[in-house]
1. In nm, to one decimal, how far is the residue 74 label point from the residue 43 one, both placed 7 Å along Cα→Cβ?
2. Under 5 Å between amide H atoms, partner at least 5 residues away or on a different chain: which partners does residue 27 have, H built in plane at 1.01 Å?
3. Enumerate by residue number the trypsin sites (Lys or Arg not before Pro) in the stretch 28-93 meeting two conditions: DSSP loop (anything except H, G, I, E, B), and at most 14 other Cβ atoms within 10 Å of the site's Cβ.
4. How large is ³J(HN,Hα) for each residue in the stretch 48-55, as worked out from phi by the Karplus curve 6.51 cos²θ - 1.76 cosθ + 1.60 (θ = phi - 60°), to whole Hz, x for Gly and Pro?
5. Each residue of the stretch 37-45 in turn: what ³J(HN,Hα) in whole Hz from Karplus with 6.51, -1.76, 1.60 and θ = phi - 60°, glycine and Pro shown as x?
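Since every read-out is calculated from the coordinates, none of them should be taken as a lab result. Remember, predicted model here, so these are calculated numbers, not experimental data. Please note: Cβ atoms are built from the backbone with ideal geometry, for glycine as well, and neighbour counts cover all protein chains shown.
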Amino acid sequence: MTLQALILDVDGTLADTGRAHLPASGWVAFEDSANGLASAHEAGPATVIAPNEFTAHHDFRGALRVLPNLSGLSLAQLRQWHADARQGTPAHA
């Protein structure tokens, strides 16, 4: 399965992924807090974190990547990070 480009709203994440017939390994969640990361882990996808000024101190262990912001992030980067994670290659922040 290749990583699909989807934009999902916070309240509809699980329902939308179910409708899209994608397993959790086929998409990436974007969150900004430890609570969001925990929720994403429950749903199953790899998670990219872009914390804000209120969540910068949170513990983001287990995230696919922690970035200062999403500016300049490309789909190609996401696909590579996702593939690396699925193969067990260590993340480089």
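1. With each label point 7 Å from Cα toward Cβ, the separation is 2.6 nm.
2. Under 5 Å from the amide H of residue 27 lie the amide H atoms of 46, each far enough along the sequence or on another chain.
3. Details: sites: 61, 65, 79, 86; in loops: 61.
Answer by residue number: 61.
4. 9, 10, 10, x, 10, 4, 8, 10
5. My calculation for the stretch 37-45 gives 4, 4, 5, 4, 4, 4, 6, x, x Hz in order.
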